[in-house]
1. Considering only the stretch A:177-200, how many residues are within 10 Å of chain B (Cβ to nearest Cβ), surrounded by 15 or more Cβ atoms within 10 Å (Cβ to Cβ) and either not charged (D, E, K, R) or not in a helix (DSSP H, G or I) (or both)?
2. Answer yes or no: is there a residue in the stretch B:25-48 that is among the basic types (Lys, Arg), in contact with a Leu (Cβ under 7 Å, 6 or more places away or on another chain) and facing chain A (nearest Cβ under 7 Å).
3. Could you tell me which numbered condition B:Glu196 fails, if it satisfies all but one of (1) touching a residue at least 60 places away in the same chain (Cβ under 8 Å); (2) of a type in the set (D, E, K, R); (3) more than 30 Å from B:Phe90 (Cβ to Cβ)?
4. Of the residues in the stretch B:179-209, how many are more than 31 Å from the chain's Cα centre (by Cα), in a helix (DSSP H, G or I) and surrounded by 13 or more Cβ atoms within 10 Å (Cβ to Cβ)?
5. Step by step: first the residues of the stretch A:19-43, then only those that are of a type in the set (Ser, Thr, Tyr) and either surrounded by 15 or more Cβ atoms within 10 Å (Cβ to Cβ) or free of Cβ contacts under 8 Å to residues at least 24 places away in the same chain (or both), then the one that is nearest to A:Gln56 (Cα to Cα). Which residue is that?
6. Which residue pairs have Cβ atoms under 7 Å apart, sit 6 or more places apart or on different chains, and have a first residue in the stretch B:15-29 that is part of a helix (DSSP H, G or I) and a second that is open to solvent by less than 70 Å² (accessible area, probe 1.4 Å)?
7. Can you name every residue in the stretch A:52-66 that is small (Gly, Ala, Ser) and surrounded by 23 or more Cβ atoms within 10 Å (Cβ to Cβ)?
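The values are calculated or read from the model by the stated rules, or taken from the named source; none is laboratory data. These numbers come from a predicted model, not from an experiment. Here the Cβ is made from the backbone with ideal geometry for all residues, glycine too, and neighbour counts use every protein chain on show. Side chains included, ligands, DNA and RNA excluded: accessible areas come from the protein's heavy atoms. Shrake-Rupley method; radii C 1.70, N 1.55, O 1.52, S 1.80 Å.
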Amino acid sequence: MNFSLSKQWTDEAIVEGILTGGRREHEALVALYKKFHVSLERFITHRSSDRDYAKQPEDIIWEAIEAFVVNVKKQSYSLKDAALETYLKSICKNLWFRYISSEASRDERQTKYMADWDELDDDVSETLIEKENWAYYIDIVSKAGKNCRQILDMRLIDGFSMQEISQKLVADGVFESDQTVRNTKSKCLKKIMEMINVNF
Amino acid sequence: MTDLLQEQIEDYVAGVMSETDKVSFEEKIKSDAQLLQQVNETQRLREILLRSRVRRQVDAARAEINQPRKGKGLIFMLGGFAAAASVLLFMLSSPMMLTSQEFNYRGETTINQASEARANDFEKAKAIINKGENPQDAIMILEKLAYNPEISSNYQRNSKWMLVIAYLQADKADKAEETFNKINCEGIECPYSTWEKTKIKWQIFWGKN
């Protein structure tokens with residue numbers, strides 16, 4: 001199948017690409033944006049007032065894409081639940097409403113937007129968007145160092161055994177021996193756990 | 001905590017534990033509050049790692065979407081040059097018209113029968129060239145005028161200019177070049193624009209090649 005043009009990417013191919021990871025995931029995300037950004041932007045803009053918002057529809061769209069990808073990877077989204085566009089619109093709706101709720105006055109929200117929002121279907125509820133402030137924890141992980149992150153990613157997300165991880169990283173010349181990989185992982189895990197648990 | 005238990009927690013959280021091991025491990029969790037807490041913390045770490053990876057992927061996709069399209073820019077630039085060049089070539093290749101600048105072709109203080117005849121011939125050649133038909137007739141008239149010592153240099157020069165155009169119309173680029181080189185007209189006194197001269201040179205070039 002040729003994936004070079006976004007219009008050739010079906011919803012199934014996009015979800016499959018995201019689950020595959022790597023380069024295919026990158027291509028799927030670019031295709032996802034190209035395929036839906038016009039309708040999503042119209043959807044958000046149509047529900048905005050004339051005031052200047054610090055956050056633009058573009059930002060909301062990317063946040064929605066991020067939330068969507070997380071849900072796909074956690075397998076809490078399936079195409080059987082909702083068409084991809086509908087699902088993205090629901091996330092955009094929640095993100096945008098949450099944003100303007102913090103920006104606009106209560107009166108403005110009540111009189112100008114609430115009626116409109118209420119008309120939208122609520123199949124995909126507010127629970128789509130986690131309330132925790134993940135940005136802080138993502139920042140902790142980002143500062144942990146590339147090697148540390150790579151080992152933990154391979155172990156906890158990809159599900160490789162420590163033996164498989166060691167073989168790969170030693171073969172790639174990232175580490176000298178199996179023991180240095182294990183030691184690095186132990187130190188890294190301990191340090192990150194401490195930082196997370198202090199703040200959670 | 002032993003290394004083996006740590007490994008079991010990670011296998012369980014990563015979802016790579018066998019079904020049999022999973023069942024017995026979940027039984028263990030139920031009866032061990034400390035183990036449950038460790039599992040929950042590891043699950044939280046997994047969630048953070050997952051979100052961190054997704055954030056990097058989404059940022060990379062956004063960066064690609066936002067980056068200037070170099071290839072497309074180059075195509076636009078080359079397209080622009082090609083379009084400009086096409087327009088220029090079209091304009092350079094369009095039929096040469098006589099200069100709109102008027103000149104006193106009579107150039108002679110006294111009008112006699114001979115000068116009157118020359119003036120009429122000049123006008124006739126001009127009309128032929130502007131019509132673009134039978135350039136040979138214009139050439140016959142202008143060859144006599146262009147080198148006639150009895151008329152002013154200005155008159156001769158304009159006759160040569162018209163002769164060049166007539167030669168070009170008759171596909172005689174060599175003769176046109178030879179005559180054009182004799183015009184020897186530069187500076188502010190020259191009645192022909194740089195554009196007109198460039199156009200003549202271009203048409204001579206293409207006529208010869």
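1. 4
2. yes
3. (3) is the only condition that B:Glu196 fails.
4. Counting residues in the stretch B:179-209 that are more than 31 Å from the chain's Cα centre (by Cα), in a helix (DSSP H, G or I) and surrounded by 13 or more Cβ atoms within 10 Å (Cβ to Cβ) gives 3.
5. For the stretch A:19-43, the residue satisfying everything is A:Tyr33.
6. Partner pairs satisfying both residue conditions: B:Lys22/B:Tyr12; B:Phe25/B:Gln8; B:Phe25/B:Tyr12; B:Phe25/B:Met17; B:Lys28/B:Leu35; B:Ile29/B:Leu35; B:Ile29/B:Val39.
7. Listed by number, the list holds a single entry, A:Ala64.
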